[in-house]
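Quick notes on the structure that follows.
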Amino acid sequence: MLRLAALAAGLLLATPAAAVMPDEMLADPAQESRARTISKDLRCVVCQNQSIDDSDAPLAKDLRLLVREQITLGKTDAQVRDYVVARYGNFVLLKPPVEGDTLLLWVGPFAVLILGGIGVLLWQRRRPASAADTPLSDVERAELDRLS
Amino acid sequence: MKRLIFILPIIGFVGLAGFLGYGLTQDPKELPSQLIDRPLPEFALPGIADAPNGGPGLVSASFKGEPRLLNVWASWCAACPQEHPVLERIAAEGFPVYGIAWKDKPEDSRAFLARYGNPYSGMGSDFPGRTAIDLGVTGAPETFVVDKKGRVRFKQIGPISPEIWEGQIKPLMQQLRAEA
């Protein structure tokens, strides 16, 4: 039991390690936390399903440093993001913006939900008065008694 | 009408499967370049020579007057030795190839060129990797086709094979030479 609790505690304490090295960090904690937030939303273009905050790839490190440099230059979060997007395209945003070609991605699930809901409603309405309303026949009642 | 209700989900499924199946044939590693038809980003890189500042380097402003290839490579890049003979052939056919040694120590770049030969008309060293980010480079090798006006017209991700050179890039270079 104790061992299990220790394991559970260990697993709870384990958090995913970020790739940010101490020498990359900014001195100002507020700026550093902004850099971390931006980095978590930027895709590493080498190892495409990781953010640059998670990735150990050299190019991800360069991009982390670039994000921090732009922040120290006084750029806003949006300006920093635009700076990277101008070079690598919307693909680097892990959360793609709502645009013409991403509309299906954003609206698709809701459209399917609504269409499905309409389908279920129509099906419910067209179903003849349900069998639950008609009382059991004597034969059915006898069978039920026998079973219970 | 009744039958349609049963057929519709099948049509929907086949449509979705076709759409996703097409997606599987696309290579997600190939990001479309943001630079197509836009001017080459500004850079002024030191050279790789064993001299103060690496000798003559490479500046973006020199990309004018003739179409050129700009090849981003590195001595640590696995596919670069494979691409190298093609670059030598391109240079031998009279098309200028310029290089950027990306995140590579100048002495390593020099050793690579001493071993495999040097097809480059000019070379810049981007050890900090900032110019590569401005170019939207995702890996080495990558090659940009730059026209007479200094605009990027094409980007090759990964090594140029003899087929890609003959089939795509060479015809484009010839077309760019003919442009005013």
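Read the figures in this text as sums done on the coordinates, not as results from a lab. Since the model is a prediction, treat every value here as computed from it, not as a measurement. Cβ sites come from the backbone with ideal geometry, for glycine too, and all protein chains shown count toward neighbours.
Its alpha carbons considered, the protein assembly as shown gives a radius of gyration followed by a Dmax of 29.4, 106 Å. Normalised radius of gyration (Cα atoms, divided by 2.2 N^0.38 Å) for the range A:101-147: 2.20.
Which whole number gives the average, over all residues in B:129-139, of C-beta atoms from other chains lying within 10 Å of the residue C-beta?
Details: counts 7, 4, 0, 3, 10, 3, 1, 7, 4, 8, 4.
Taking the mean over all residues of the peptide, I get 5.
The ranking of B:137, A:85 from fewest to most other beta carbons within 10 Å of each one's beta carbon is A:85, B:137. Among B:123, A:1, A:21, B:173, sorting on how many other beta-carbon atoms sit within 10 Å of each Cβ, with the fewest leading, yields A:1, A:21, B:173, B:123.
Charge dipole (Cα centre; +1 on Lys/Arg Cβ, -1 on Asp/Glu Cβ; no other charges) of the range A:101-147 amounts to roughly 180 debye.
Once the Cα gyration tensor of the range B:28-178 is diagonalised, what are the square roots of 5 times its eigenvalues, in whole Å and ordered largest first, as equivalent ellipsoid semi-axes? Walk me through the numbers before you get to the answer.
Details: eigenvalues 91, 59, 48 Å².
After diagonalising the Cα gyration tensor, the semi-axes are 21, 17, 16 Å.
Per the Debye formula on identical point scatterers at the alpha carbon atoms of the range A:23-79, with no solvent, log10 I(q)/I(0) at q = 0.15, 0.16, 0.17, 0.21 Å⁻¹ is -0.37, -0.42, -0.48, -0.71.
Magnitude of the charge dipole for the range B:1-127, about its Cα centre and with charges confined to Cβ atoms of Lys, Arg (+1) and Asp, Glu (-1), is about 640 debye. Average 1/r across all pairs of distinct alpha carbons in the range A:31-148, invert it, and you get the Kirkwood radius: 19.0 Å.
Please arrange A:110, B:43, B:144 by counting, for each residue, the other beta carbons lying within 10 Å of its beta carbon, fewest first. Spell out each step's value before the answer.
Details: A:110 9, B:43 19, B:144 24.
Lowest count first: A:110, B:43, B:144.
For the protein assembly as shown, the list of Cys residues with no other Cys C-beta under 4.7 Å reads A:44, A:47. Here's the picture: charge each Lys and Arg Cβ at +1 and each Asp and Glu Cβ at -1 in chain B, and of B:10, B:23, B:77 the one pushed furthest to the positive end of that dipole is B:10.
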